[in-house]
Amino acid sequence: MSFLAWPLETNRIRRDVTNNTFGTVRRNADGTKRAHQGWDLVATPLTACYAIAEGVIRKSENHDAKGHGKLVVLEFLFQGRTLFALYSHLTIVSVARATKVKQGEAIAYTGTSGNANGMNGKDQHLHFEIRDELEAGRGLGGRVDPKTFYGRAPREYIVVESHGQKRLLNPSGTGLKINAGDMRRW
């Protein structure tokens, strides 16, 4: 496999703000910095989530009410590394643990579970992580910034993926259609 697919058909960072990307990008009430472990991608409830690579489902569970909520973790091999993609705040999980999936296969549907409960409108999202450990814990340890594989976070533009082709769209709706092979080099 030479590239990772995108987790949603339409991919854009929630509210186009840095604190919904990976890194020490958020602040506590007292002003101290804290980590955000992945990307929050805009997604209304029941948006299909797709396997970013061929692999095996390692987790398919309702994690907790204050964190990820319903989640799926996909184990896959990419560039000689075993990695894990976490999808959370789901409403429907359509794959069971140990299921083999193909790249681009629908594996879940977004929702507002976990700490996304009660979010409306522009705040509804898929929380998406790439990990190099199945159990990553708190902080950024055991996680990899998704832009390592995707080139950059989709802020202030949208990446649309459908049937092996990509389109970059700006907020005004104009777009550029680009062959999937070209997208991996930007």
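The values are calculated or read from the model by the stated rules, or taken from the named source; none is laboratory data. Everything numeric here is computed off the predicted structure, so don't read it as measured data. When we count neighbours, we look across all protein chains shown, and the Cβ atoms used for this are built from the backbone with ideal geometry, even at glycine.
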task = Restrict the check to the range 148-162 and report whether at least one residue is crowded, with 16+ Cβ neighbours inside 10 Å, at pLDDT 90 or above, more than 13 Å from the chain's Cα centre (by Cα) and not in a loop (DSSP other than H, G, I, E, B).
result = no
task = Mind listing just one residue for me: the one in the range 26-41 that is closer than 17 Å to residue 130 by Cα and out of contact with any Gly (no Cβ under 6 Å at 6 or more places or on another chain) and, of those, surrounded by the fewest Cβ atoms within 10 Å (Cβ to Cβ)?
result = 36
inquiry  = Let me confirm something: among 40, 30, which residue is part of a strand (DSSP E or B) and at pLDDT below 95?
reply    = 40
ask   = Do the conditions hold for residue 78, that is, is it aromatic (Phe, Trp, Tyr) and modelled with pLDDT of 95 or more?
value = yes
key: Any pair with Cβ under 6 angstrom, 6 or more apart, that starts in the range 6-31 at a residue that is more than 17 Å from residue 151 (Cα to Cα) and ends at one that is of a type in the set (A, V, I, L, M)   = 14/42; 19/25; 24/35
ask   = Taking the range 34-55 as the search range and keeping residues that are touching a Ser or Thr at 6+ places or on another chain (Cβ under 9 Å) and hydrophobic (A, V, I, L, M, F, W, C), which one is farthest from residue 110 (Cα to Cα)?
value = 35
ask   = Here is a list of conditions, (1) in contact with a Phe, Trp or Tyr (Cβ under 9 Å, 6 or more places away or on another chain); (2) in contact (Cβ under 8 Å) with a residue 40 or more places away in the chain, and residue 72 meets all of them except one; can you say which number that is?
value = (2)
query = What number of residues in the range 91-122 are touching a residue at least 40 places away in the same chain (Cβ under 8 Å), among the hydrophobic types (A, V, I, L, M, F, W, C) and closer than 19 Å to residue 15 by Cα?
reply = 1
task = Could you please find all residues in the range 8-25 being part of a helix (DSSP H, G or I) and either charged (D, E, K, R) or surrounded by fewer than 22 Cβ atoms within 10 Å (Cβ to Cβ) (or both)?
result = 14, 15, 16, 18, 19
